[in-house]
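Below is one structure, written out as structure tokens; comments come after it.
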Amino acid sequence: GAVVSQHPSWVICKSGTSVKIECRSLDFQATTMFWYRQFPKQSLMLMATSNEGSKATYEQGVEKDKFLINHASLTLSTLTVTSAHPEDSSFYICSARGGGASTGSYNEQFFGPGTRLTVL
Amino acid sequence: DAKTTQPPSMDCAEGRAANLPCNHSTISGNEYVYWYRQIHSQGPQYIIHGLKNNETNEMASLIITEDRKSSTLILPHATLRDTAVYYCIVRVGGTSYDKVIFGPGTSLSVIP
């Protein structure tokens, strides 16, 4: 149990376009989802926290109008990178918190496999 | 979350035990020590966590000092697949409000 998936696993887009990344909790309900970004040879940086049905909370320095987060259901959150530029190229990782008896770890965070974004 | 200090990198011979240290001198009484690892180009993977007692699971052992100011993650028989960045994180854990904040971690290289 406690599987988190991301789609796509990698994406290449042209500068100026928007890209949507999906994060799904496959076997549990995620009341909270987190989005991280990781540049090469660096650690993961938390971008934002989203709770189902409410607006996301962004970390300091993260542009909320550029990184749109939607958490419309208990199993799906999306991150849209709007008007992407080459400096947005990064590894984006989501994690989901929730669960219960099925996961054996109520309120723990489970991480997705990541999405590699390359903006040309 | 309390801050942790880890060596930036370590080497370990394949088949030997890998001992990864972590200092967390400002840990609070209700904070757990968590370990995650990230294999290149993958999402982080939970390894183990503990409060004050030593813990063991199928992946690793966690030794926490009596004063809880430091801990050691032990991979008993390291393999090449254990090459990864290992993150030691202290957090309240399992609550509805905490979140995992990553530091730089330790890059472990398992050498044939």
Problem - Quotient of C-alpha Rg and 2.2 N^0.38 Å, computed over chain A - result: 1.02
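Can you tally the net charge around B:Q42? Count Lys and Arg as +1, Asp and Glu as -1, for every other residue whose Cβ sits under 12 Å from the Cβ of B:Q42.
Details: positive: A:R116, B:R37, B:R81; negative: none.
Net charge around B:Q42: +3.
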Exercise for the section: Identify unpaired cysteines across chain B, taking unpaired to mean no other cysteine Cβ lies under 4.7 Å from the residue's Cβ. Expected result: B:C12
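Test of understanding: what is the full-extension gain from B:Q42 to B:L80, defined as 0.36 nm times their sequence separation minus their Cα-Cα distance?
Working: separation 38, 0.36 × 38 = 13.68 nm, distance 1.58 nm.
Full-extension gain reported as 12.1 nm.
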Problem - Förster radius 45 Å - calculated FRET efficiency between B:K52 and B:I111 (Cβ-Cβ, nearest 0.05) - result: 0.85
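Restricting to lysines 8 or more places apart or on different chains, can you count the pairs in chain A with Cα atoms under 17 Å from each other? Write out the running numbers ahead of the final one.
Details: A:K14/A:K66; A:K20/A:K64; A:K20/A:K66; A:K55/A:K64; A:K55/A:K66.
So the count of such lysine pairs works out to 5.
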Completion exercise
With label points set 7 Å from each Cα along the Cα-to-Cβ direction at A:E22 and B:E66, the distance between them in nm comes to 5.5 nm
Handout entry: For B:R68, residues with placed amide H under 5 Å, excluding near neighbours
Key = none
Problem - the range B:5-18 - phi-based ³J(HN,Hα) in whole Hz, Karplus 6.51/-1.76/1.60, Gly and Pro as x - result: 10, 10, x, x, 8, 8, 10, 8, 6, 4, x, 8, 6, 9
Practice task
Could you work out the Rg to Rh ratio of the protein assembly as shown, with Rh taken as the Kirkwood radius (inverse of the mean 1/r over all Cα pairs)?
Solution key: 0.98
Exercise for the section: Return the lysines within reach of B:K52: Cα separation strictly under 18 angstrom, same-chain partners fewer than 8 residues apart disregarded; answer none if there are no such residues. Expected result: B:K3, B:K69
Problem - Cysteines in chain A that, by Cβ-Cβ distance, have no pairing candidate under 4.7 Å - result: A:C13
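For A:K14 and B:T5, FRET efficiency with R0 = 30 Å and r from the beta-carbon atoms, rounded to 0.05?
Numbers: r = 42 Å, r/R0 = 1.41.
My answer for the efficiency is 0.10.
Here, each number is a calculation from the coordinates, and none is a lab measurement. Keep in mind that this is a model prediction, so the values were computed, not measured. In this analysis, Cβ positions are derived from the backbone assuming ideal geometry, glycine residues included, and neighbour counts consider all displayed protein chains.
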